[in-house]
Amino acid sequence: MRDPVIQVEGLRCSYGDFEAVRGVDFEVARGELFGLLGTNGAGKTTTLEAVEGLRRTSGGVVRVLGADPLADRRAIRPRIGIMLQDSGFPADLTVAEMVAFWRETSSRTSDADAAIEALDLGHRRDVRIKQLSGGERRRLDLLLATLGGPEVLFLDEPTTGLDPESRLRVWEVVRGLLANGTTIVLTTHYLEEAEALAERIAIMHRGRIAVAGRVADVLARQPARIGFDVPAGFDVGVLPMLSGDVVHEPSGRVEVRTAELQRDLGDLLDWARADGRVLTGLRANHASLDDVFHAVRADGKAVSR
Ligand code: ATP
C-alpha cells in the first residue's frame with residue numbers, strides 16, 4: 001500500500017481469558033477513510049482502542065505514523081484525534097469553556113469559533129454539557145477530536161443518536177477533513193454511512209475480519225436482487241430460465257438473487273413484454289452493505305477476504 005499511516009498485523013486483545021480480537025490485519029493509507037464495521041461485540045472498539053494506544057495488546061503489531069501508539073504515545077498523541085464512544089467530559093463546563101479548555105491542552109492551533117459553527121453548536125456555546133441533547137454532545141465530541149486538524153482521526157460511532165440532518169452535517173465535516181488530507185478510521189453501525197464515506201471497509205465478526213476491501217469490490221462479490229409482485233397462485237415455472245436463484249415469497253413477491261443482474265433483468269423484461277405482463281413493484285438493485293452484513297452474520301465465519 002502507498003504510504004500506509006496505520007498498519008495492523010495479527011492484532012490480538014484479551015479481557016482475562018476472553019480473546020475479543022483474534023488476529024486482525026489491516027492497513028490505512030494516508031488521506032483515506034477506512035470503515036470498521038461489525039456485529040455487536042465483534043471487537044471494533046477494542047481494535048480501535050489498541051490502534052489509538054489506549055489498550056495493551058496480547059499479540060501482533062500496531063504502527064501509527066510509523067510508531068508504536070502505546071510505547072511512543074507522547075510522540076504520537078499530538079498528531080491524532082480521538083472521538084470515543086463515550087467521552088465523559090466535565091458536565092458542568094459550558095460548550096465554549098470546554099472548547100477553550102481543550103484548545104489550551106492541545107499543541108495544535110485551531111480556530112475554535114469556526115469549529116463550533118461548523119458543527120452547528122454556535123447557539124449552544126453557553127449551555128452546560130450536562131444540558132446538551134445526546135446529538136449535541138456527540139457533535140461536541142467530534143469538534144474536540146478534530147480541533148486543530150489532527151493528521152489521523154479515530155471516530156468511534158460518531159453519528160449514533162443523531163437525527164438525519166445532524167448526521168449529514170457530520171458527514172460534511174468528515175468530508176472536509178478528508179479533503180484536507182486527514183486519515184480517518186471510522187466505526188459505525190450505519191451501513192449507509194460507511195457506503196457514503198469509506199473508500200475501504202472491513203466487517204468484523206467475533207474478533208476476526210470476515211470481509212474486507214474497497215466498498216465497490218465488497219458489494220460486487222454479493223449477488224444482486226431483482227424483485228416484483230405476482231398474483232395469487234402464480235406459478236414460477238412460467239418464468240424464463242434465469243442464472244440466479246428464484247424464490248417465490250409468501251408475501252406474493254418473486255425475488256431473484258443473481259450474479260448476472262443485467263442478463264437476468266433483460267430476460268425477465270423480454271418475457272414480460274412477450275407475455276403482455278406488467279411487473280408491478282419491480283425493483284433491481286446491486287447488493288448493499290446490508291446484504292453483505294447479513295451474509296457475514298448468517299455464515300458466522302469468514303466469507304471472503
Ligand atoms: P459494539 O458494536 O456492540 O459496540 P464492538 O464490536 O465495538 O461492539 P467491543 O466493545 O470491542 O465490540 O467488544 C468485543 C468483545 O469484548 C465483546 O464480547 C465484549 O463483551 C467484550 N468486552 C469488551 N469490553 C470488555 C471488558 N472491559 N471486559 C470484558 N469483556 C469485554
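Just so it is clear, none of the values below were taken in a lab; they were calculated from the coordinates. Keep in mind the model is a prediction, meaning the values are calculated, not measured. So basically every Cβ, Gly included, is an ideal-geometry build from the backbone, and we count neighbours across all protein chains shown.
Worth a mention:
- Percentage of interatomic Cα-Cα distances in the chain larger than 32 Å: 39
- Net charge contributed by nearby residues that have their C-beta within less than 14 Å of Val256 (K/R +1, D/E -1): -3
- The chain: angle of helix 261-275 to the longest principal axis, Cα-based, in degrees nearest 10: 40
- Test item: Cα-centred dipole of the chain, Lys/Arg +1 and Asp/Glu -1 on Cβ, debye: 720
- If only the Cβ of Lys and Arg carry +1 and only the Cβ of Asp and Glu carry -1, the dipole of segment 223-286 around its Cα centre is close to 180 debye.
- The alpha carbon centroids of segment 210-231 and segment 148-183 are separated by 27 Å.
- For segment 223-286, the Cα-based Rg and Dmax, in that order, read 10.7, 29 Å.
- Helix 95-105 and the long axis of the chain differ in direction by around 70°, with both axes built from C-alpha atoms.
- Relative contact order of segment 1-110, pairs being alpha-carbon contacts under 8 Å that are 6 or more residues apart, as %: 24
- Mean separation of Cα contacts under 8 Å, 6 or more apart, over the residue count of the chain: relative contact order %: 19
- Segment Ala259-His123, extension gain: residue separation times 0.36 nm, minus the distance between their alpha carbons: 43.9 nm
- Principal-axis tilt of helix 164-179 within the chain, Cα atoms, nearest 10 degrees: 70
- The mean sequence distance of close C-alpha pairs (under 8 Å, at least 6 residues apart), as a share of the length of segment 212-273, puts its relative contact order at 37 percent.
- Taking each residue as 0.36 nm, the span from Asn180 to Leu93 lengthens on full extension beyond its C-alpha to C-alpha distance by 28.3 nm.
- Distance from the C-alpha centroid of segment 242-295 to that of segment 28-79: 42 Å, rounded to the whole angstrom.
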